[in-house]
Amino acid sequence: MKRALWATAVLCLSAAGVAQAYPEFQRYSKERSGRSINCALCHTHSDGPEGLRAGQIGSLTQEELDTLGLARQATAPGSGLKSPILNGFGNLMLDELGRDRIQELRQRPESLAESLPAGSDLDGDGIPDGQEYLDGTHPLNSLDGQPLKLFRNNLGRHGFHIAMMVLATALGLYGLHNAILWLSTQTGKEK
Amino acid sequence: MRPDWLRRGLDYLSERLPVQKMSFESLVTKKVVPVHRMSWAYYMGGLALLFFLIQLVTGVFLLFYYQPTVSDAHASVEYITYYVNSGFLVRNLHTWSSSCMILCLMVHALTTFAMKAFARPREVTWLTGSMLLALTFAFGFTGYLLPWHQIAVNATKVVLQSIEEAGRYLPGALSGLPTYVKEIIQGEASVGQATLSRFYALHVVILPLLFFGVLGLHLLCVQLHGMSQGTDTPARRSEKFFPIFMLKDFWLWGVAFLVVFVLAYCLPFESFYPYPLFEPYDSLGSTPDGIKPEWYFYFIYYPLELLPFWVVMLGQTLGGAALFMTPWIFKNTSRKVLGIIATLVSAYLIVITIFGHDIYEMFKGGGA
């Protein structure tokens, strides 16, 4: 009962505009990149924070609701809090920028990328999170990235494995080549 | 005493499948390959076979982990991708090689057509080749659903819906047939567990068995008849199939394998699409933008978006019939005319595949 009341209170606050998702970033990323974006860019649930499904406010436990309340009071950077309705990227924004700065950036969402730590790459695909935001790709999905950038990064990263595969294929083909030539000579001799 | 129709039937078959000619000499030592400006086309069938073999091997590895249930399918694919050793590579090899196989088969079909390699006595070779092309598309369609993500389920729904729509244009009792076909494929009221089970069975058992049978007959025909001349005047030069052509073929296989390996290792196929399309399918959630089939179905998808349904259905039916009836329809057509037709078809396929979305935007606007 208490949990339901909490959830209702948070949903009411959301409806009043006190604690809603920030679609400006999503809109900017979509317009700039031309790629389809959804709330899963920053949120746990792809349909956003409001609702009763997993990762949405209505599904949170009492403890998670408490954490959410604290996270929403984190106006300054460096709080170290993990909001249960945000994913790793959303929480990175919260921790690095704080709510006040995020609110300020809503007016100029193009500045979000440069406000994030330059070296931060949450999914480890070699493309910084800020750049992924600009490219309209997911900062937490290593398979999602601007194709050419991913190709270049992975080529550098897997260079040794690729070189080994080239060597193995070449040696295998060299062996096969000689085996076929030997077989050809043998059939010629028999004839 | 054999009846006349049976005798004629057997004569027809023995000309198309001259198994009595089969010997070590005819298949290996005496077999030659003409050398001319279109000789590169002789390698396309072999390349398609290589990509099929890659799919076979990677498909078996994927089977070890994939769970064909609506609750676990997406999670098992995620598990393969992120937790199984080299799972990402195997899965991406499977995806890239399927696209490469379809590309090679399309080029193979078009060049075979342009070179008139379907002419008597190679009708059975063409027919089995056309069946392999159709089976490959069926592989693509059934495999697309298996990861059970947003684009997979929604695109399958769109295709099944268009099958049902065809009923509106059929007369009388036939109008119910497409709905019946759709229900058989779907297995339940909407795309769900029954559909996934059917597509899985088709993809991993039924289609491979059919493919092996038809491929065996196709390869037998190719071996029995040898390489077609390919040009109006006999080539001035030829090379021995064994070992010269075979060696070149294997080296090309090596290069093609390395190309697809590097692509699979460095370029996730999914990176070409927006990430919301690869989220687990959620029947209660919103449908993301950009639902469309794989690129090799664009040649029919974009016309469906742009033109009246009956026009596309008619075109598709005539095109399909023409594909299978090619040896008889184009029996007396010159290679020059065949070359022009093949070029036009190629141009259409390239333009609609690369610029289909732009063309759609130009005429209809909004998101495709």
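The values are calculated or read from the model by the stated rules, or taken from the named source; none is laboratory data. In this text, all values refer to a predicted model and were calculated from it rather than measured experimentally. Methodologically, a virtual Cβ is constructed for each residue, glycine included, from the backbone with ideal geometry; neighbour enumeration extends over all protein chains shown. In case anyone asks, the SASA skips ligands and DNA or RNA and just uses the protein heavy atoms, side chains included. Shrake-Rupley method; radii C 1.70, N 1.55, O 1.52, S 1.80 Å.
I need the full set of residues from the stretch B:280-296 which are facing another protein chain (nearest Cβ under 7 Å) and within 18 Å of B:Ser162 (Cα to Cα), in order please.
B:Gly290
Which one of these does A:Met165 not meet: (1) more than 9 Å from chain B (Cβ to nearest Cβ); (2) within 28 Å of B:Leu93 (Cα to Cα); (3) of a type outside the set (D, E, K, R)?
(1)
What pairs can you find where one residue is in the stretch B:69-95 and more than 12 Å from every other protein chain (Cβ to nearest Cβ) and of a type in the set (D, E, K, R), the other is open to solvent by 40 Å² or more (accessible area, probe 1.4 Å) and part of a helix (DSSP H, G or I), and their Cβ atoms are less than 6 Å apart, with a gap of 6+ or different chains?
Final answer for the pair search is none.
Out of B:Ser23, B:Ser39, report the one residue that is surrounded by fewer than 20 Cβ atoms within 10 Å (Cβ to Cβ), closer than 26 Å to B:Met227 by Cβ and more than 23 Å from the chain's Cα centre (by Cα).
B:Ser23 is the lone residue from the list that is surrounded by fewer than 20 Cβ atoms within 10 Å (Cβ to Cβ), closer than 26 Å to B:Met227 by Cβ and more than 23 Å from the chain's Cα centre (by Cα).
I need the full set of residues from the stretch B:255-279 which are more than 7 Å from chain A (Cβ to nearest Cβ), open to solvent by 20 Å² or more (accessible area, probe 1.4 Å) and of a type outside the set (Ser, Thr, Tyr), in order please. Please lay out each step first, then the result.
First pass over the stretch B:255-279, keeping only residues more than 7 Å from chain A (Cβ to nearest Cβ): B:255-256, B:259-260, B:263-264, B:269, B:273, B:277-278.
After this cut, where a residue has to be open to solvent by 20 Å² or more (accessible area, probe 1.4 Å) as well, the list is B:255, B:259, B:263, B:269, B:273, B:278.
B:Val255, B:Val259, B:Leu263, B:Phe269, B:Phe278, listed by residue number.
Just checking, does the stretch B:45-54 include any residue being surrounded by fewer than 19 Cβ atoms within 10 Å (Cβ to Cβ), touching a Ser or Thr at 6+ places or on another chain (Cβ under 6 Å) and free of Cβ contacts under 8 Å to residues at least 12 places away in the same chain?
no
Sort out which residues of the stretch B:142-167 are open to solvent by 30 Å² or more (accessible area, probe 1.4 Å) and either β-branched (Val, Ile, Thr) or free of Cβ contacts under 8 Å to residues at least 60 places away in the same chain (or both), and write them in order of number.
B:Lys157, B:Val158, B:Val159, B:Gln161, B:Ile163, B:Glu164
Can you pull out every residue in the stretch A:41-82 that is open to solvent by 10 Å² or more (accessible area, probe 1.4 Å) and either of a type in the set (Ser, Thr, Tyr) or closer than 16 Å to A:Leu116 by Cα (or both)?
Matches in the stretch A:41-82: A:Cys42, A:Thr44, A:Ser46, A:Ser59, A:Thr61, A:Thr67, A:Thr75, A:Ala76, A:Pro77, A:Gly78, A:Ser79, A:Gly80.
Residue under question is B:Phe324, and the condition is that it be farther than 30 Å from B:Arg37 by Cα, open to solvent by 40 Å² or more (accessible area, probe 1.4 Å), touching a helix residue (DSSP H, G or I) at 6+ places or on another chain (Cβ under 8 Å) and among the aromatic types (Phe, Trp, Tyr); does it hold? Give the steps one after another, and end with the answer.
Details: farther than 30 Å from B:Arg37 by Cα: no; open to solvent by 40 Å² or more (accessible area, probe 1.4 Å): yes; touching a helix residue (DSSP H, G or I) at 6+ places or on another chain (Cβ under 8 Å): yes; among the aromatic types (Phe, Trp, Tyr): yes.
So B:Phe324 does not fit the description; no.
If you take the residues of the stretch B:232-243 that are in contact (Cβ under 8 Å) with a residue 24 or more places away in the chain and in a helix (DSSP H, G or I), which of them is surrounded by the most Cβ atoms within 10 Å (Cβ to Cβ)?
Checking each candidate, the answer is B:Phe241.
Out of B:Leu219, B:Leu252, B:Leu247, report the one residue that is within 25 Å of the chain's Cα centre (by Cα) and either surrounded by 15 or more Cβ atoms within 10 Å (Cβ to Cβ) or within 11 Å of chain A (Cβ to nearest Cβ) (or both). Walk me through it before giving the result.
Details: B:Leu219 fails: either surrounded by 15 or more Cβ atoms within 10 Å (Cβ to Cβ) or within 11 Å of chain A (Cβ to nearest Cβ) (or both); B:Leu247 fails: within 25 Å of the chain's Cα centre (by Cα).
Sole residue among the options that is within 25 Å of the chain's Cα centre (by Cα) and either surrounded by 15 or more Cβ atoms within 10 Å (Cβ to Cβ) or within 11 Å of chain A (Cβ to nearest Cβ) (or both): B:Leu252.
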